[in-house]
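Trainee: Would you mind keeping the following structure in view while I ask a few things?
Values quoted throughout were computed directly from the atomic coordinates according to the rules given, and no laboratory measurement underlies them. The shown structure was predicted, so the numbers you read here are calculated from the model rather than taken from an experiment. Positions of Cβ are generated from backbone atoms using ideal geometry, with glycine treated the same way; all protein chains shown enter the neighbour counts.
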Amino acid sequence: MPDKNEKSKETLPIVIIGAGIAGLCISFYLNKKNIPHIIIEKGKAGNTWIEERWDNFHLVNPNWAMKIPEFGFESDHFPSKDPNGFLNKKEIVNYIQSFARYLNSEIYENENVIKISKNNNSYEIQTSKRLIHTNTVIIATGAFGNPYIPEIHKNLDKDIFQIHSSKYKNSTGLPEGKVVVVGSGQSGAQIAEDLLDSGRKVILAVSKCGRRPRKYRSKDSSWWNYEMGLFDKTVNDVKLEERWKCSAHTSGAKGGHDINLIDLAENGLELCGSIKNCQGNKLFLKDNVYENVKFSDTYAINWRKNVDEFITKNNIKAPQESIKIDERIQSNILKNYDQILLNKEINSIIWATGFRYNFDWIDLDITDKNSHPIQYRGVTKYKGLYFMGLQWMYSSKSAQFIGVAEDAEYIVNDIVSKNLFS
């Protein structure tokens, strides 16, 4: 008799792992060429946006930058007519799931991929429900990888509430009391503001991150970045260490606005240096709050100067706007303190400390010393094995709605050229 616990075995031509926007764009171009395939998703379509974004999350690029094939801005399917608006979390999830329905592809939700291995000329995919053999697999499991919290957090007392920023939803999900947010990149700065808006008292451990003005000389900063070609910079143009610097913070919430740490400080946000170590109920701090806030402002000033040079060089008509150093950033005002004592008044920590790739579930030599996939434009050294939707997979826009479709089309064309679907 057959073993009832034995997983079913199937042979399929192409398997996409992940039903986020990256995997769905691959499916779009495969459908255009009538190439059969399936998509496996551990949760629901758009799972990362559902599970790893806070309730008041908004995109930081405007609607006009949504360039999904047949589903982008100005298409009949787009949820807004405002080119300068910013989709919120609910709209993003609905948008991705609507795109999935539009494709009408075979998507198997709530099926987790446990392991991928190579078996002669094909790949064996072990999921929570079955075994699949395929000649071609596209790994589109998310741009950022797994949530990362520094090991030092383990030195804190067990009763101290700690979560990664990907698990934060709103202030009501935290214990009462003051909250420490660690990291002032995109997520940390926006979450600190969200908490402050909710009436919570917040301490922000400031990291070395720039800030990006929301608007300058009558145009949105994303528009200037697009016109200046910053979205089109590729791995051939930008050194590795430059690609992984902290993301400059701005916000698409409230119709889009600047996030200026000094403005937030004047509204009650406490600023301190970055975290050096943890022990018991104490956070030990670096003496760099002034240095890091100054860096944030200098970044914004330099960005504006680059825009001014671009305007002059290209004879663009734009209203004048002055560039000013923020005189409120003073070392005698932004004083650091050595430590934070966690107690009944200060009892929650949100670690906005980024993500790390982990592809240990792929039983192949496919990552470098930094755990980054070894690939070029999604193509690996293994015939039929592709990555999709990674940050800086090829260009600065590879993991964004503005550029993900270009990478997807390139990969599908590579699959076709190698006849990997028969």
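Trainee: Would you mind giving the three semi-axes, in whole Å and largest first, of the ellipsoid equivalent to segment 226-317 according to its Cα gyration tensor?
Mentor: Over the Cα atoms of segment 226-317, the semi-axes work out to 32, 19, 13 Å.
Trainee: In whole angstrom, how far apart do the alpha carbon centroids of segment 184-215 and segment 376-422 sit?
Mentor: Computed from Cα coordinates, the inter-centre distance equals 34 Å.
Trainee: Expressed as cubic angstrom per residue, what is the convex hull volume of the alpha carbon set of segment 1-132?
Mentor: Values: hull volume 17.5 nm³, N = 132.
It is 132 Å³ per residue.
Trainee: Here's another thing I want to ask about it. State the extension gain, in nm to one decimal, for the chain segment bounded by residue 154 and residue 31, taking 0.36 nm per residue of separation less the distance between their alpha-carbons. Let's see the in-between values first.
Mentor: Details: separation 123, 0.36 × 123 = 44.28 nm, distance 4.73 nm.
My answer for the length gained is 39.5 nm.
Trainee: Pulled fully out, how much extra length does the chain show between residue 267 and residue 80, if you take 0.36 nm times their separation in residues and subtract their Cα-Cα distance?
Mentor: Between residue 267 and residue 80, full extension yields an extra 64.1 nm.
Trainee: Please return the longest range in the chain lying between exposed loop sites, taking trypsin sites (Lys or Arg not before Pro), DSSP loop only, at most 10 other beta-carbon atoms within 10 Å, and leaving the sites out.
Mentor: The longest such stretch corresponds to 159-238.
Trainee: Mind listing the lone cysteines of the chain, meaning no other Cys beta-carbon sits under 4.7 Å from theirs?
Mentor: Cys with no partner Cβ under 4.7 Å: 25, 272, 278.
Trainee: Name the residue farthest towards the positive end of the dipole of the chain from the options 195, 27, 228, assuming +1 on Cβ of Lys and Arg, -1 on Cβ of Asp and Glu, about the Cα centre.
Mentor: 228
Trainee: Then there is this: Roughly what % of DSSP beta bridges within the chain run antiparallel, to the nearest 5?
Mentor: Percentage antiparallel, nearest 5: 40.
Trainee: Only bridges whose two residues both fall in segment 146-351 count here: according to DSSP, what percent of them are antiparallel, nearest 5? If you can, show how the numbers build up before the last one.
Mentor: Values: 10 of 28 bridges.
Roughly 35 percent of the beta bridges in segment 146-351 run antiparallel, per DSSP.
Trainee: In addition: To the nearest 20 debye, what is the magnitude of the charge dipole of segment 146-351 about its Cα centre, counting +1 on the Cβ of each Lys and Arg and -1 on the Cβ of each Asp and Glu? Mind dumping the intermediate values first?
Mentor: Values: 31 positive and 27 negative charges, 45 e Å.
Here the size comes out at about 220 debye.
Trainee: Okay, next question. Just to compare against my own numbers: the Cα pair-distance distribution for segment 306-422, 5 Å bins, whole % per bin, please.
Mentor: Calculated over all Cα pairs of segment 306-422, the distribution is 2, 8, 11, 10, 10, 10, 8, 11, 12, 9, 6, 3, 1, 0 percent.
Trainee: A further question on this structure: When a/c reaches 1.5 or more, the comparison of a/b and b/c decides; with that in mind, is segment 50-206 rounded, prolate or oblate per its Cα gyration tensor? Mind dumping the intermediate values first?
Mentor: Numbers: a/c = 2.66, a/b = 1.27, b/c = 2.10.
The shape class here is oblate.
Trainee: With only Lys, Arg, Asp and Glu charged, each at its Cβ (+1 for the first two, -1 for the last two), find how big the charge dipole of the chain is about the Cα centre; round to the nearest 20 debye.
Mentor: 260 debye
Trainee: Same structure, new question: Could you name the lysines in cross-link range of residue 305, using Cα to Cα under 23 Å and dropping any fewer than eight places away on the same chain?
Mentor: 208, 215, 219, 233, 239, 245, 294, 313, 317, 324, 397
Trainee: Grab the beta carbon distance between residue 218 and residue 344, set R0 = 35 Å, and tell me the FRET efficiency rounded to 0.05. Don't jump to the answer; show the numbers that get you there.
Mentor: Working: r = 49 Å, r/R0 = 1.40.
So the FRET efficiency works out to roughly 0.10.
Trainee: Helix by helix through the chain, keep the DSSP H runs that span 15 Å or more along the axis on Cα and average at least -0.5 on Kyte-Doolittle, and give those back in order.
Mentor: Working: long enough: 21-32 (16 Å, 1.15); 89-103 (21 Å, -0.31); 186-197 (17 Å, -0.25); 289-313 (36 Å, -0.70); 404-417 (20 Å, 0.40).
Passing helices, by number: 21-32, 89-103, 186-197, 404-417.
Trainee: Still on this structure, I have one more. Would you give the gap between the C-alpha center of segment 44-62 and the C-alpha center of segment 288-337, rounded to a whole Å?
Mentor: The distance from the Cα centre of segment 44-62 to that of segment 288-337 comes to 29 Å.
Trainee: Using unit Cβ charges (K, R positive; D, E negative) and no other charged atoms, how large, in debye to the nearest 20, is the dipole of segment 276-390 about its Cα centre?
Mentor: 160 debye
Trainee: Next up: Mean projection of the alpha-carbon convex hull of segment 146-351 over all orientations, in nm²?
Mentor: If you wrap the Cα atoms of segment 146-351 in a convex hull and average its projections, you get 12.8 nm².
Trainee: Okay, next question. Choose one of 355, 316, 372: the residue whose Cα lies farthest towards the positive end of the charge dipole of the chain (beta-carbon charges +1 Lys, Arg; -1 Asp, Glu; about the Cα centre).
Mentor: Checked the options; the winner is 372.
Trainee: Across 20 Å bins from the origin, how do the percents of Cα pairs in the chain run, short distances first?
Mentor: 24, 53, 22, 1, 0
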